[in-house]
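Enquirer: Dumping the structure here so I can ask a few things about it.
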Amino acid sequence: KRRIGILTSGGDSQGMNAAVRAVVRMAHVKGLDPWAIYDGYQGLVDNVMRPLAWADVQGLLRLGGTVIGTARCLAFRERAGRLTAAQHLVENGIDALVVIGGDGSLTGADRLRAEWGSLLDELLATNRIDQVQRATYAHLNIVGLVGSIDNDMSSTDMTIGCVSALHRICEAVDAIEATALSHGRAFVVEVMGRHCGWLALTAALASAADWLFVPERPPLVDNWEEEMCAHLKKLKDRGQKKILVIVSEGAIDKNLKPIKSEYVRDLLAAKLKFDARVTTLGHVQRGGSPCFYDRYLGTVQGVRAVDEILRATPETPSPMIGISNNKITVEPLVQAVTLTHAVSTAIDAKDFARAMELRDPEFAT
Ligand code: F6P
């Protein structure tokens, strides 16, 4: 039976479990032998892996996080770590890998794919594998699924987990809105996303925020503080009781200096005399049960991943499974990784910016 490894890597995201379940079950349907590799690439380096039966993935659809664990593995970033990982894959008879992770994790997968031949040569030269193993495992198939709350990967409209995270943010902001209104306070809500503003942008749209900071569109002027305060003062003078500012954790000014939530809060307090608070939502955005969309996306993409493993030939480039216009897509992983690094964000902010104008015609700057 052909053996395939499944791992989740990088920050966990809602729906990763759905993807694991789908890969495991579809692998069984197709007569393959699915193995879990625990704690992402760390499990490859430390040789922590085991077979998963059909029943092992029961009840996973509704669970947040990832039951097979994840890690940001430093050892795998070095060739020595990848060499040990390759040895463990060969020793365990695994010749295909489904990697569920974000941009960094898929970059790691792509590197392993690119180096595979030379890693095996080195293992053979140092007697860590034999000639038969060198020939049997000459090709490693890797399929990437994008699991991340950040929605920061090119070549897919949505990443597994981003919609659940957004739901969580909306719920939290709705709660904050109620208390802000009651006290007449200004709230600066900081959301995750690393260098990508998708979560902040979509949350601002969904909660009719009064001001927004995202990494992709730094304020165009040096004196953005004055511009923001002038706008928010207008809202206050018009009788608006509360103010909501959303800050993406990666927000920067036009000189690429971080815009800190506490700095924004202090401005609102000093210049506009608001009782102002910061709420950093943090990991609550990542935990918890996945919404329908992430269960769906993890499931259909997991099924497709197994199809792609069966379809792959030594010549096929490793694919990344995405979604575009509601259709599951398959693009070369290397291309998606390169485009992500080149473009740095998967969002098209234009439509969102226009929708934000609905909140207040003067919002657009
Ligand atoms: O990539 C997902 C993410 O949640 C980012 O939004 C955030 O910057 C980062 O991971 C936090 O990482 P950690 O959980 O390691 O603190």
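The values are calculated or read from the model by the stated rules, or taken from the named source; none is laboratory data. A quick note: this is a predicted structure, and the numbers were derived from the prediction, not measured. Counting neighbours? That spans all protein chains shown, and the Cβs are built from the backbone with ideal geometry, glycine included. For accessibility, only protein heavy atoms count, side chains too; no ligands or nucleic acids. Shrake-Rupley method; radii C 1.70, N 1.55, O 1.52, S 1.80 Å.
Enquirer: Would you be so kind as to identify which of MET49, TRP35, ILE100 lies farthest towards the positive end of the dipole of the stretch 33-113, taking Lys and Arg as +1 and Asp and Glu as -1 on Cβ and the Cα centre as origin?
Expert: Most positive-ward Cα: ILE100.
Enquirer: Pop out the ³J(HN,Hα) list for the stretch 201-218 in order, Karplus 6.51 cos²θ - 1.76 cosθ + 1.60 with θ = phi - 60°, rounded to Hz; leave Gly and Pro as x.
Expert: Residue by residue, the stretch 201-218 yields 5, 5, 5, 5, 5, 6, 10, 6, 5, 8, 7, 8, 10, 10, x, 6, 9, x Hz.
Enquirer: Another question about this same structure. Around ARG194, with a cut-off of 13 angstrom between Cβ atoms, what is the net charge of the other residues, counting Lys and Arg +1 and Asp and Glu -1?
Expert: Residues close to ARG194 contribute a combined charge of -4.
Enquirer: Is it possible to state the helix-based mean residue ellipticity at 222 nm for the chain, with each DSSP H run of 4+ residues giving -39500 (n - 2.57), the sum divided by total residues, to the nearest 500 deg cm²/dmol? What is it?
Expert: Calculated from helices alone, the mean residue ellipticity at 222 nm is -14000 deg cm²/dmol.
Enquirer: Follow-up question, since we're still on this one. For LYS1, which lysines qualify as cross-link partners when the Cα separation must be under 20 Å and same-chain residues fewer than eight apart are set aside?
Expert: LYS1 reaches LYS30.
Enquirer: Taking every pair of alpha-carbon atoms in the stretch 101-254, what share in percent sits in each 5 Å bin, from 0 to the bin with the longest distance?
Expert: The distribution over the stretch 101-254 is 2, 8, 13, 14, 13, 10, 8, 7, 6, 5, 5, 4, 3, 2, 1, 0, given as percents.
Enquirer: Could you give each residue of the stretch 62-71 its phi-based ³J(HN,Hα) in whole Hz, using Karplus coefficients 6.51, -1.76, 1.60 with θ = phi - 60°, and x for Gly or Pro?
Expert: 8, 8, x, x, 9, 6, 9, x, 8, 7
Enquirer: Name the shape class, rounded, prolate or oblate, that the alpha-carbon gyration tensor gives for the stretch 46-107, where a ≥ b ≥ c are the square roots of its eigenvalues, rounded holds for a/c under 1.5, and otherwise prolate holds if a/b is larger than b/c and oblate otherwise.
Expert: Oblate shape, in that a/c is at least 1.5 and b/c is the bigger or equal ratio.
Enquirer: For an R0 of 51 angstrom, estimate the FRET efficiency from the Cβ-Cβ distance between LEU74 and ALA206 and round to the nearest 0.05.
Expert: 0.90
Enquirer: If each of ASN127 and LEU310 carries a label point 7 Å out from its Cα toward its Cβ, how far apart are those two points in nm?
Expert: In this crude spin-label approximation the distance works out to 4.2 nm.
Enquirer: Which of the GluC sites (Glu not before Pro) found in the stretch 73-145 are in a DSSP loop and have at most 13 neighbouring Cβ atoms, other than their own, within 10 Å?
Expert: Passing sites in the stretch 73-145 are GLU78.
Enquirer: Please list, in order, the residues from the stretch 106-123 whose amide nitrogen is less than 18 Å from a point placed 7 Å along the Cα→Cβ vector of ALA138.
Expert: Under 18 Å, as judged by backbone N against the label point of ALA138, lie 113-123 of the stretch 106-123.
Enquirer: For every other residue with a beta carbon closer than 11 angstrom to the beta carbon of VAL303, add +1 if it is Lys or Arg and -1 if Asp or Glu, then tell me the sum.
Expert: Local net charge: +2.
Enquirer: Moving to a separate point now. What accessible area per residue, rounded to a whole number of Å², is obtained for the chain using a probe radius of 1.4 Å?
Expert: Each residue of the chain exposes 43 Å² on average to a 1.4 Å probe.
Enquirer: Pull up all non-local amide H partners of VAL98: gap of 5 or more, or a different chain, and H-to-H distance under 5 Å with H placed in the peptide plane.
Expert: Distant-sequence amide H within range of VAL98: GLY5, ILE6, LEU7, VAL143.
Enquirer: How much length is gained if the chain between LEU181 and VAL284 is pulled fully straight, taking 0.36 nm per residue apart and subtracting their Cα-Cα distance, in nm to one decimal?
Expert: Taking LEU181 through VAL284 to full extension adds about 34.8 nm, to one decimal.
Enquirer: When the convex hull of the Cα atoms of the chain is projected onto a plane and the area is averaged over all directions, what value comes out in nm²?
Expert: 18.6 nm²
Enquirer: Take the chain, connect every pair of alpha-carbon atoms lying under 10 Å apart with a spring to form a Gaussian network, then pick out the residue of ASN47, ASN326, ASN92 with the largest mean-square fluctuation.
Expert: Of ASN47, ASN326, ASN92, the most mobile in the Gaussian network model is ASN326.
Enquirer: Then there's this: What percentages, rounded to whole numbers, describe P(r) for the stretch 1-127 computed over all alpha carbon pairs with 10 Å bin width beginning at zero?
Expert: So the P(r) values, bin by bin, are 14, 46, 32, 8, 1.
Enquirer: With N set to the residue count of the stretch 191-311, report its C-alpha Rg divided by 2.2 N^0.38 Å to two decimal places.
Expert: Output field value: 1.37.
Enquirer: Here is a further query. Give me the percent of accessible area attributable to carbon and sulfur for the chain, probe 1.4 angstrom.
Expert: 53 percent
Enquirer: Same structure again: Looking only at the chain, where both bridge partners belong to it, what percent of the DSSP beta bridges are antiparallel (to the nearest 5)?
Expert: Once the DSSP bridges in the chain are tallied, antiparallel ones form about 20 percent.
Enquirer: Would you kindly derive the ³J(HN,Hα) couplings of the stretch 272-287 from the backbone phi angles with the Karplus curve 6.51 cos²θ - 1.76 cosθ + 1.60 (θ = phi - 60°), listing them in order in whole Hz, with x for Gly and Pro?
Expert: Computed from phi, the couplings for the stretch 272-287 are 10, 6, 8, 6, 10, 9, 10, 10, 9, 5, x, 6, 4, 5, 9, x Hz.
Enquirer: Take the alpha-carbon centre of the stretch 24-43, take the same for the stretch 186-202, and report the distance between them in whole Å.
Expert: 34 Å
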